[in-house]
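Peer 1: Before I ask anything, here is the structure I am working with.
The values are calculated or read from the model by the stated rules, or taken from the named source; none is laboratory data. Given the structure is predicted, the values throughout are model-derived calculations rather than measurements. Backbone-built Cβ (ideal geometry, glycine too); neighbour counts: all protein chains shown. The accessibility values were calculated without ligands, DNA or RNA, using every heavy atom of the protein model including side chains. Shrake-Rupley method; radii C 1.70, N 1.55, O 1.52, S 1.80 Å.
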Protein chains: 2
Amino acid sequence: VESPSDLFSARTREGVGDALSEILAFAGATDLISFSGGFPDPATFPGETLADLLRELIRAGDPSPFQYSPTRGLPGPLDYVSERIERMDGRRPDQAELLITSGSIEALELVGKTFLDPFDLVVVEGPTYLGAIMAFRSFQARVLAVPMDADGGLRIDVLANLLETGARPKLVYTIPDHQNPAGVSMSAERRTALVGLARSRGFLIVEDVAYRELGFTDEIVPSLWSMAPDVVVQAGTFSKTFFPGVRLGWAAGPEVVIEKLVTAKQNTDQCAAPLGQRLLEGYGRAGHLDKQIVGARELYRRRADLLLGAMGKYLPEEVSWTSPAGGFFTWLTLPDGMDSVDLAREALADRVAFVPGRPFFPDGRGRTNIRLAFSRVEDEDIDEGVRRLGALLQRHWIEEGG
Amino acid sequence: VESPSDLFSARTREGVGDALSEILAFAGATDLISFSGGFPDPATFPGETLADLLRELIRAGDPSPFQYSPTRGLPGPLDYVSERIERMDGRRPDQAELLITSGSIEALELVGKTFLDPFDLVVVEGPTYLGAIMAFRSFQARVLAVPMDADGGLRIDVLANLLETGARPKLVYTIPDHQNPAGVSMSAERRTALVGLARSRGFLIVEDVAYRELGFTDEIVPSLWSMAPDVVVQAGTFSKTFFPGVRLGWAAGPEVVIEKLVTAKQNTDQCAAPLGQRLLEGYGRAGHLDKQIVGARELYRRRADLLLGAMGKYLPEEVSWTSPAGGFFTWLTLPDGMDSVDLAREALADRVAFVPGRPFFPDGRGRTNIRLAFSRVEDEDIDEGVRRLGALLQRHWIEEGG
């Protein structure tokens with residue numbers, strides 16, 4: 001869940017200067033190769049099947065796609081989402097443990113509105129999804145980033161040390177699968193350790209599973225929510241699997257938490273659009289969504305492979321990157337002294353775009369990082385795009401006497 | 001913008017006891033005649049035209065209905081909404097003065113989130129839309145109701161007196177056209193007086209125009225926003241004109257205000273569903289929406305006429321009611337001593353349902369009031385429904401020695 005306006009706002013909030021707005025201004029240029037936006041590829045979106053489905057819904061004469069729905073969601077779509085979660089996570093949420101949201105960002109907003117008071121502490125991964133940083137900050141929470149590593153994601157040992165010093169987070173927000181922007185996943189051991197800390201220290205884990213269904217292999221690690229439905233709220237989205245324009249997601253968590261989120265949602269938008277709920281259910285029940293996801297996983301795996309290959313070929317050896325096993329992103333680390341905000345601006349002249357690392361941290365880190373999204377770059381542009389980036393980095397590396 | 005869950009929550013918040021949940025539990029009973037929900041009639045909803053439109057959108061190959069949109073809205077839909085506002089209000093919002101929202105309740109939420117601190121004062125009409133009371137209270141605002149009358153809506157003289165005593169509201173929320181639940185409209189003179197007060201006293205007017213396009217005649221009073229775009233935010237919805245299941249509305253107001261609402265919306269749901277935005281635009285541009293509204297106005301006018309006729313026939317003369325010139329509602333006032341919560345519960349045994357007045361006030365008033373919604377009662381049930389209500393009231397009137 002990310003949009004150009006996110007980035008724009010990140011600029012103003014994070015003081016990254018004009019680089020991002022320049023990137024966005026250039027985003028429409030036809031010869032620009034953009035690794036910027038974390039968007040799914042339109043090639044994965046439903047085709048005319050969706051129009052057929054809508055016609056069927058209308059002919060059936062059931063007004064539910066058009067009328068208001070209960071805030072929690074329509075019974076059929078709730079049932080369908082429960083089944084999907086059960087298939088992914090091996091545990092089916094009870095009716096009282098589930099809520100259909102208007103995208104997963106709304107789940108974060110509802111959690112924030114329900115639980116956060118000014119100056120409350122929220123721990124996030126550093127780097128993390130910048131929409132989450134903004135959502136928690138909009139409730140005047142203090143947002144603190146705990147580092148990750150490529151071996152197993154969030155450094156639980158650092159979090160444990162932080163807790164030892166007396167820090168008392170209300171929420172710990174994590175994207176355990178194919179993380180945005182880092183492109184790494186949390187290991188099973190760290191998941192166990194994290195839910196242990198949540199139980200012993202009394203914080204709520206917010207698990208964002210935006211990319212969970214987009215692994216490049218069938219290997220899947222148990223979700224935090226399935227391990228600890230008593231202390232985890234899982235926020236999911238259909239933006240990366242169905243399509244973003246439908247604005248649908250879910251929150252699964254302890255009954256008492258979900259009940260509060262439902263109350264908050266009544267005042268936010270009453271209900272997630274019933275038209276979209278019914279289309280999702282129909283599309284999913286007919287097996288189209290599963291097929292779409294199979295195709296999407298192939299597409300994104302192929303692009304990740306192309307990107308990793310091109311980076312090996314063109315990037316200076318002083319640059320390192322993560323090797324994603326799913327999702328949309330890889331995360332680059334440049335040599336000390338480089339400034340990715342300057343580079344991103346300069347890259348536009350070379351007709352290549354990416355997002356510098358700073359907006360993904362709440363604290364100004366990320367100067368030497370770059371996020372590359374491979375999800376929406378045409379296969380045939382990837383090599384050339386990375387070649388341009390490599391040339392730019394080489395030039396800087398030489399200029400700066402590296 | 002109202003849903004059964006609203007009413008359910010109103011029960012718990014307003015302490016109306018179990019009456020409303022009982023009403024809702026009975027809502028599915030087939031022989032129950034319900035004047036409860038403020039829902040549009042499904043007979044007004046789009047038919048297969050909408051499926052044709054979706055097919056055209058898909059064939060055109062434009063990914064915008066399926067991808068993320070800018071938070072403010074897609075350019076085409078924004079343009080279409082601007083034109084509609086200009087046609088209704090005689091003033092076209094600048095691009096910077098408009099935002100497409102996920103229903104008008106979201107506009108209220110965003111205004112609340114942006115402007116309200118705990119203990120801030122919000123003035124509303126008494127009675128008013130209970131979703132608004134809940135939305136403002138969710139930011140811990142104090143909500144104060146100023147009475148209305150059938151001659152011209154909100155009693156501006158009472159508001160002026162209140163301001164004289166030193167009350168400093170941040171927001172004044174009004175539904176000037178065919179108000180929910182009162183079924184009255186604000187006169188042109190009072191509108192002028194209200195914007196004068198807003199300018200001299202420095203509060204923001206939130207104008208909810210949910211029923212503005214559903215007048216029974218072509219007579220229309222200038223909107224507050226068109227009179228004073230410097231101090232008014234207009235919150236509109238397509239729920240009553242297009243259909244609720246699309247979750248679309250708008251906020252039009254001063255550029256500085258709209259900019260803040262856009263920022264808040266980024267963290268709420270990123271954007272109103274682009275699929276719905278594009279369907280609205282296509283349906284509207286082809287002239288279908290205007291035709292739908294003509295049909296809806298006829299339908300609701302006919303039902304209002306039937307209801308008013310039946311009330312004249314069956315209700316004791318001690319009961320008075322408003323005569324709506326549009327919208328979905330009429331508001332009944334019963335003799336002192338009656339309790340409409342008890343009546344509503346008892347009415348279920350007589351197979352007729354309505355909402356008692358108390359949830360529509362922030363302060364426990366409304367004991368002797370009833371809201372009747374005529375929007376979704378079949379024509380042929382109206383007479384019988386009112387006959388049942390009349391018999392119930394007669395029985396009470398006699399029992400209580402009236």
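Peer 1: Threshold 10 Å², probe 1.4 Å: give the residues of the range A:85-110, in number order, that are less accessible with all protein chains present than with their chain alone.
Peer 2: A:S102, A:I105, A:E106, A:E109
Peer 1: For A:Q394 and A:D151, what does the FRET efficiency come to when R0 = 30 Å and r is the distance between their Cβ atoms, rounded to the nearest 0.05?
Peer 2: For R0 = 30 Å, the calculated efficiency reads 0.55.
Peer 1: Roll a 1.4 angstrom probe over the protein heavy atoms and tell me the percent of accessible area of the range B:121-164 that is carbon or sulfur.
Peer 2: Roughly 46 percent of what the probe reaches on the range B:121-164 is carbon or sulfur.
Peer 1: Expressed as a rounded percentage, what relative contact order does chain B have, with Cα pairs under 8 Å and six or more residues apart?
Peer 2: Relative contact order here is 24 percent.
Peer 1: Taking the label point 7 Å from Cα in the Cβ direction, how far apart in nm is A:R59 from each other copy of itself, listed shortest first?
Peer 2: Inter-copy label distances (nm, one decimal, shortest first): 1.8.
Peer 1: Considering protein heavy atoms only and a 1.4 Å probe radius, which residues within the range B:265-292 exhibit an accessible-area decrease of no less than 30 Å² in the full assembly relative to the chain by itself?
Peer 2: Buried on complex formation: B:Q266, B:N267, B:T268, B:D269, B:Q270, B:A273, B:L275.
Peer 1: Here is a further query. So for the pair B:R285, A:E255, with labels modelled 7 Å out along Cα→Cβ, what separation do we get in nm?
Peer 2: In this crude spin-label approximation the distance works out to 5.0 nm.
Peer 1: Can I ask one more? Please list log₁₀ I(q)/I(0) at q = 0.13, 0.15, 0.30 Å⁻¹ for the range A:56-104, using the Debye equation with identical point scatterers on the alpha-carbon positions.
Peer 2: -0.37, -0.48, -1.14
Peer 1: Which cross-chain or sequence-distant (5 or more) residues have an amide H under 5 Å from the amide H of A:I33, H modelled 1.01 Å from N in plane?
Peer 2: Close amide H contacts, sequence-distant or interchain: A:V352, A:A353.
Peer 1: How far apart are the A:R201 label points across copies, placing each 7 Å from Cα toward Cβ, in nm, shortest first?
Peer 2: Shortest to longest, the spacings are 4.9 nm.
Peer 1: Tell me the net charge near A:A228. Cut-off is 10 Å between Cβ atoms, A:A228 excluded, with +1 for each Lys or Arg and -1 for each Asp or Glu.
Peer 2: Once positives and negatives cancel, what remains is 0.
Peer 1: A further question on this structure: Need one number: % antiparallel among DSSP beta bridges in the protein assembly as shown, to the nearest 5.
Peer 2: About 50 percent, rounded to the nearest 5.
Peer 1: If we sort A:62-70, B:89-97 on the protection proxy, mean other Cβ atoms within 10 Å, highest first, what's the order?
Peer 2: By packing density, highest mean first, the sequence is A:62-70, B:89-97.
Peer 1: Tell me, what is the per residue accessible area of chain A in Å², probe radius 1.4 Å?
Peer 2: 34 Å²
Peer 1: Before anything else, pin down the relative contact order of the range A:148-299: Cα pairs under 8 Å, at least 6 apart, normalised by residue count, whole percent.
Peer 2: Computed value for the range A:148-299: 18 percent relative contact order.
Peer 1: Further, regarding this structure: Calculate the dipole size of the protein assembly as shown relative to its Cα centre from +1 charges on Lys and Arg beta carbons and -1 charges on Asp and Glu beta carbons; express the result in debye to the nearest 20.
Peer 2: 640 debye
Peer 1: In the protein assembly as shown, how many lysine pairs have Cα atoms under 20 Å apart, counting only pairs 8 or more places apart or on different chains?
Peer 2: Going through the protein assembly as shown pair by pair, I get 16.
Peer 1: Show me A:302-313, B:181-192 ranked by packing, highest mean number of other Cβ atoms within 10 Å first.
Peer 2: The peptides rank, most packed first, as B:181-192, A:302-313.
Peer 1: A further question on this structure: So if the hydrodynamic radius of the range A:303-400 is defined as the Kirkwood radius over C-alpha pairs, what does Stokes-Einstein give as its diffusion coefficient at 37 °C and 0.692 mPa s, in µm² per second?
Peer 2: Calculated translational D: 244 µm²/s.
Peer 1: Additional query: Could you please state how large a percent of the accessible area of the range B:334-402 is carbon and sulfur, counting protein chains only and using a 1.4 Å probe?
Peer 2: Looking at the range B:334-402 in its full context, I get 44 percent from C and S.
Peer 1: Still on this structure, I have one more. For the Cα atoms of chain B, what angle does the longest principal axis make with the long axis of helix B:340-349, in degrees from 0 to 90, nearest 10?
Peer 2: It is inclined by approximately 80 degrees.
Peer 1: Put +1 on the Cβ of each Lys and Arg and -1 on the Cβ of each Asp and Glu in the range B:81-122; which of B:L121, B:L99, B:V111 then has its Cα farthest toward the positive end of the dipole?
Peer 2: Most positive-ward Cα: B:L99.
Peer 1: Still on this structure, please answer the following. With runs of 4+ DSSP H residues as the only contributors, calculate the mean residue ellipticity of the protein assembly as shown at 222 nm using -39,500 (n - 2.57) per run, divided by the residue total and rounded to the nearest 500.
Peer 2: Value at 222 nm, helices only, nearest 500: -13500 deg cm²/dmol.
Peer 1: I want to make sure I understand the PRE zone here: with the label point 7 angstrom from the Cα of A:D379 toward its beta carbon, which residues in the range A:300-318 have backbone N atoms less than 16 Å away?
Peer 2: Only A:300-310 fall inside the zone, counting backbone N under 16 Å.
Peer 1: Separation of the range B:94-133 and the range A:172-197 by C-alpha centroid, Å?
Peer 2: What the calculation gives is 37 Å, centre to centre.
Peer 1: So, taking all protein chains as they sit and a 1.4 Å probe, how much accessible area belongs to B:K265, in Å² rounded to tens?
Peer 2: Estimated to the nearest 10 Å², B:K265 gives 0 Å².
Peer 1: Name the long-range amide H neighbours of B:W250: under 5 Å, sequence gap of 5 or more, or other chain; modelled H, no Pro or chain starts.
Peer 2: Excluding prolines and chain starts, which carry no amide H, the hits are B:T101, B:G236, B:T237.
Peer 1: Distance between the C-alpha centers of the range A:344-402 and the range A:28-77? Whole Å please.
Peer 2: That distance is 32 Å.
Peer 1: Kindly give the distances from B:E399 to its copy-mates, label point to label point, with each label point 7 Å from Cα along Cα→Cβ, as nm values to one decimal ordered shortest first.
Peer 2: With the label placed 7 Å along Cα→Cβ, B:E399 yields 8.7 nm.
Peer 1: May I ask you to derive the relative contact order of the range B:70-193, considering only C-alpha pairs under 8 Å and at least 6 residues apart, and to give it as an integer percent?
Peer 2: Answer for the range B:70-193 is 22 percent.
Peer 1: Rounded to the nearest 10 Å², what accessible area does A:W321 show when all protein chains are kept and the probe is 1.4 Å?
Peer 2: 80 Å²
Peer 1: Can you list which of the GluC sites (Glu not before Pro) found in the range B:348-402 are DSSP loop residues with at most 13 other C-beta atoms within 10 Å?
Peer 2: Those that pass, being in a loop and sparsely packed, are B:E378, B:E400.
Peer 1: Across peptide B:128-134, how many C-beta atoms of other chains are within 10 Å of each residue C-beta, on average?
Peer 2: Average per residue, whole number: 1.
Peer 1: Exactly which GluC sites (Glu not before Pro) in the range B:273-323 are in a DSSP loop and have at most 15 other Cβ atoms within 10 Å?
Peer 2: Listed in order of number, the matching sites are B:E317, B:E318.
Peer 1: Roughly how crowded by other chains is peptide A:243-252, in terms of the mean Cβ count from those chains within 10 Å of each of its Cβ atoms?
Peer 2: Averaged over the peptide's residues, the number is 5.
Peer 1: Here is a follow-up. Provide the buried accessible surface between chains B and A in square angstrom, both chains summed, 1.4 Å probe, rounded to the nearest 100.
Peer 2: Summing both sides, the interface buries roughly 4800 Å².
Peer 1: Treat every Asp and Glu Cβ in the range A:257-316 as -1 and every Lys and Arg Cβ as +1, leave all other atoms uncharged, and give the resulting dipole magnitude about the Cα centre to the nearest 20 debye.
Peer 2: For the range A:257-316, the charge dipole is close to 220 debye.
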